[in-house]
Every structure is written in structure tokens, then in C-alpha cells.
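Accompanying notes for the structure given below.
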Amino acid sequence: MKKIQLTTNTGSTQIAIGEDVSNLKDYLDASAQVVIISDKNVLNYHRVKLEEFGFQIIEIETGENVKTLRTVENIYEQFLELGVERSTFIVGVGGGVVCDITGFVASTYLRGLKFGFVPTTLLAQVDASIGGKNGVNLNGYKNLIGTIRQPNFVLCDLELLKTLPKEDLKCGFAEIVKHAVIADANLFSYLESNLEDIICMKRIALEKVIGDAISVKVNIVQKDELEQNERVKLNFGHTIAHALEKVHKLPHGEAVAIGSVYDAKLCVKKGTLKEEDKDRIENLLKKLGLPTQLDYIKKDAIIGAISKDKKKKGTDVKMALLEGIGKSVVKEVPIEEIGEIL
């Protein structure tokens, strides 16, 4: 098991990679009321295991479409019924949607409750559960309402990943590639050289790439928790990806893969990235089974969605531009230039 500590102005998170969910109580105050928030899919597989803790469980529906204020309000009402107090600890057990919703309701109910995550998807383990961003969507636009507040812990039980469909695993690989591309050339080379072990979920390879990807995010978040500049690097591929999710209804990881290729093409066009490095990024994503393009893109709708991006400033959007694999900088890019790439 590998442990990583993330410390910021809003709190400190203990991240345990390879921890078993059965040890959850070791991370909790024995005297505190604990409420678990999870979704139907997770509970279909793990309800018995979670019920053995004796904690109260709030069940939500699945999918990005439940990441709304309506779901949040419903959880608040259940908190009232359960007698949740400021000493209550909230645990989100699930994928990115569960982590986002759990962190948001815990950060806002009674002006803030302690919370932690047990992410059950690869995507959530390397991205959604790390860094303190907690939020919900508004009218389909991603994460327009939210907070930044760190969880007390993140337990990454690799055994939980065994129940995931291959498509969900691929979505997690897209985020791992993104972390490598923006800040860790060695991780990128490791991914290229150990593809078979990673795709087959060999534990040693999996623990390494998850740990290295999390380390990239932790290092960036500790420098810039509130996303004034440095943290924008973590959005590489995401400006276009979030628009693709809204307009073309793509899964997040697939959208990130396609968005990453478009961002790499933009970097080549602007002269900051070599064509061969763009090709390496595209080829790695393809070998991981991820899409790198769509046959048809609704360009005007995509640009319309980007115009409502959180990082937009006037006619520009703050984006990460690559200066090579493993090296990135933050620049303001005209939305018009993104349209030209599309």
C-alpha cells in the first residue's frame, strides 16, 4: 500500500492506494455518526459489505444526469430525517458522480461536515476524488455550482475495480494519460512500455500508474488549490471534453481522450508541441482502446458550450498548452482558435 498526503489551506487529505475498504473504520472517529452516500450500481455489488459497518446509507440514482441541485436537496432532506449534526462524518462510496455530490453536500450542510471518499472507479481514484473540487451541473453544463474543500481521506481499494466494465476502466486510463502528458514524462513512457500489464490490471503496474497519476495531481493542487493558474493544467483536454459530453453525450473518459487529441493538435498549430509528440499521445490513447476522434462534430454547439466554460474570460479560455510530453504551461486561448481546430 502507498500513502500520499495532500495538504492545502482548506484541509489535509490522506490518500491510501491499495487500502482495503474493510479497513474504513480505521480512518473514522469511533464515536461519530457516519452516513454513507452511494449509488444503485455500487450497492448492487457491495451493499452487504457496506451494511456490515452498521452505518446509515443514502442511495442515489446513477449517471451524470443525477448530478443536480435536485439530488442535493433530496440528500439534505434525508440528513434532516437522520438527525445529521456537525459531528457527523459523511463517506462517499462510488464513482465520480457520487464523489462530487457527496463532497458538495458535506461542504454545504450545516456550513460544512467532515467527509471522505472510497472511490470505486479508476476515473474517480485518479481524478474525481482528489483535490477537493465538489460540485454539480446546471442545465447540463459541467460543475457550474460547487465548492473547493478537501476530504479527510481517500481510500483507493484496487479490488473494487474488478467489478468495472472495460469501458469504465478505459475512462480512467484517459485521465492517467492526461496526468502523464501535462507533468510526468516518465509515467507516459511507462504507460507506453507496460500497456499489456496495465490493460490486464496487473496489480503492480496498476498501483504504480495510479500512484504516479495521483502524485501529479497532488503536486499541482498543493501549489494552486483554488485554480488561479497552475491547477488549470489539470483541465488539459477538458474544455472540449466537457462540451462533447453535453452536446454528443459521450462518457467523460472518452470525451477527455478526444479532447486531449484536439488540444495536442492546437499545441502543434501554435508551435509549442512537435507533431511526433502529438502522434505519441494519440497512439497511446488508441492502444488503450479509447476514441481519438468523432466522425461528425456539431461544431457550433460545441463552441456554444465552451462559451459557458468556467474558465472563460471574455472571448478567451484559460487552457493548458504542451511544450512537450510531461511539460505544460497555462495560457489564454481565443475560443475562435479552438473552433479552427474543430
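Over all pairs of distinct alpha carbons, what does the Kirkwood formula give as the hydrodynamic radius of the chain, in Å?
After inverting the mean inverse Cα-Cα distance, the result is 20.2 Å.
Could you compute the FRET efficiency for Lys308 and Leu82, with r as their C-beta to C-beta distance and R0 at 30 Å, rounded to 0.05?
About 0.25, to the nearest 0.05.
So if each residue of separation counts as 0.36 nm, and I subtract the Cα-Cα distance between Tyr141 and Lys287, what length gain in nm does that give?
49.5 nm
Whenever you get a sec, compute what percent of the accessible area on the stretch 108-236 sits on carbon and sulfur atoms (1.4 Å probe).
Its accessible area is 49 percent carbon and sulfur atoms.
What number results when the radius of gyration of the stretch 24-94, computed over Cα atoms, is divided by 2.2 N^0.38 Å?
Dividing the Cα Rg of the stretch 24-94 by 2.2 N^0.38 Å gives 1.12.
How long are the three semi-axes of the equivalent ellipsoid for the stretch 195-342, computed from the Cα gyration tensor as the root of 5 times each eigenvalue, in whole Å, largest first?
25, 19, 15
FRET efficiency for Lys299 and Val329, Cβ-Cβ distance as r, R0 = 22 Å, nearest 0.05?
0.25
Could you check what % of the DSSP bridge pairs in the chain are antiparallel, to the nearest 5?
The antiparallel proportion sits near 50 percent.
Can you give the local net charge around Gly63? Use residues other than it whose beta-carbon is closer than 13 angstrom to its beta-carbon, Lys and Arg +1, Asp and Glu -1.
Here the count lands on -3.
With +1 on each Lys and Arg Cβ and -1 on each Asp and Glu Cβ, and nothing else charged, work out how big the dipole of the chain is about its Cα centre, in Debye to the nearest 20.
560 debye
Return the subset of Lys223/Lys270; Lys2/Lys162; Lys162/Lys208 for which the Cα-Cα distance in this structure is over 22 Å, preserving the input order.
Pairs exceeding the cut-off: Lys223/Lys270.
Mind pulling the per residue volume of the convex hull built on the Cα atoms of the stretch 71-140? Å³ is fine.
85 Å³
Can you tell which of Gly237, Leu110, Ile90 lies farthest toward the positive end of the dipole of the chain, using +1 and -1 charges on the Cβ of basic and acidic side chains (Lys, Arg; Asp, Glu)?
Checked the options; the winner is Gly237.
The values are calculated or read from the model by the stated rules, or taken from the named source; none is laboratory data. From a predicted model like this one, the values you see are computed outputs, not experimental measurements. In this analysis, Cβ positions are derived from the backbone assuming ideal geometry, glycine residues included, and neighbour counts consider all displayed protein chains. For the accessible areas, the whole protein counts, side chains as well, though only heavy atoms, and no ligand, DNA or RNA atoms are used. Shrake-Rupley method; radii C 1.70, N 1.55, O 1.52, S 1.80 Å.
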